[in-house]
């Protein structure tokens, strides 16, 4: 059994709510533009057809970007989050052999409402996690206004999933109007993930909340690859420049290793080995980013499985990565997925 810990879906009621309540949104900021070109994002029959290619395979689903608060004012974002979470819960309940769990979306521009929705989603709807993006309408994740949400997630003992966010509307160079050559997603998303993790570490969130569980998409973006540089830079500044940027109780890498890292590296085995060498197998979960490829998600699933198979893991290690780690993390009922 493979449990895919990070996939995306666009529930129909959620999409209808967006179309109705946010009619004048910028189409460049709306993933619904993919609906016609990636049928498995909306069409369950097509999604199940792809899933059937891989035998005993089940998904954890999250609502595809953009986050509702980035396209709607706070009150409407609250309504859209409720619609989306209700529908995710309905999908998990209706198709327990297809969907192991749902990841709730939150109206994060209204932190008080986000706390309420997190509690409703976990306790009433039985969703198993919540999703943040790498910034909240330009506000970094270590901003104090988000601490009540982190504290609530610790109280609920459920993880936060972090998804990268950077749009083509953010140019890479002064004088340009957009990010060219899809750099905004090719390079911008791994950087955005690494930046968000770094703010949570050096901003003290991971230190203040030692029980907080955070899952990073795309194997932590850049972090496993640049971990040595992070460690070196702190030591260099203290020994040669006379100060550190911030003094943490532990070495910063201790906090980075507390994150969970998924396997969504687009089939790159070397990246997975780098992630495992840095964080350890127990901190990794199998995730594919399905369905955003040119084969309705089939390519991402197939290539991610192939990249795991090339890691040289034992059968017991593969079992942990494919299933056991996420079952433990999300506290999934074993009877549902075996």
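Just so it is clear, none of the values below were taken in a lab; they were calculated from the coordinates. Quick caveat: nothing in here was measured; it's all calculated off a predicted structure. Heads up, the Cβs are rebuilt from the backbone with ideal geometry, glycines too, and the neighbour counts pull from every protein chain shown.
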Item to check | Along each principal axis, Cα extent of the stretch 190-321, largest first, Å | outcome: 52, 31, 28
Checklist entry - Among 246, 18, 103, which comes first, then next, by fewest other beta-carbon atoms within 10 Å? => result 246, 18, 103
Checklist entry - Length gain on complete extension for the stretch residue 75 to residue 191, per 0.36 nm per residue less the alpha carbon to alpha carbon distance? => result 38.7 nm
Checklist outcome for this item: Within the stretch 2-337, the percent of DSSP beta bridges that are antiparallel, given to the nearest 5, stands at 5
Next on the checklist: Under a crude label model (7 Å from the Cα following the beta-carbon direction), how far is residue 52 from residue 20 in nanometres?
Outcome noted: 3.2
Checklist outcome for this item: For the chain, the convex hull over Cα atoms projects on average to an area in nm² of 17.4
Checklist entry - Expressed as a rounded percentage, what relative contact order does the chain have, with Cα pairs under 8 Å and six or more residues apart? => result 18
Checklist entry - When 68, 327 are ordered from fewest to most other Cβ atoms inside 10 Å of their Cβ, what list results? => result 327, 68
Checklist entry - Taking 0.36 nm per intervening residue step and subtracting the Cα-Cα distance, what contour gain separates residue 45 from residue 309 on full extension? => result 92.2 nm
Checklist entry - Quick one: if the Förster radius is 35 Å, what FRET efficiency do residue 155 and residue 282 give, using the C-beta to C-beta distance and rounding to 0.05? => result 0.90
Checklist outcome for this item: Residue-normalised 222 nm signal for the chain, counting each DSSP H run of n ≥ 4 as -39,500 (n - 2.57), nearest 500 deg cm²/dmol, is -12000 deg cm²/dmol
Checklist entry - At what distance in nm do the modelled label points of residue 226 and residue 295 sit from each other, each positioned 7 Å from its Cα along Cα→Cβ? => result 3.2
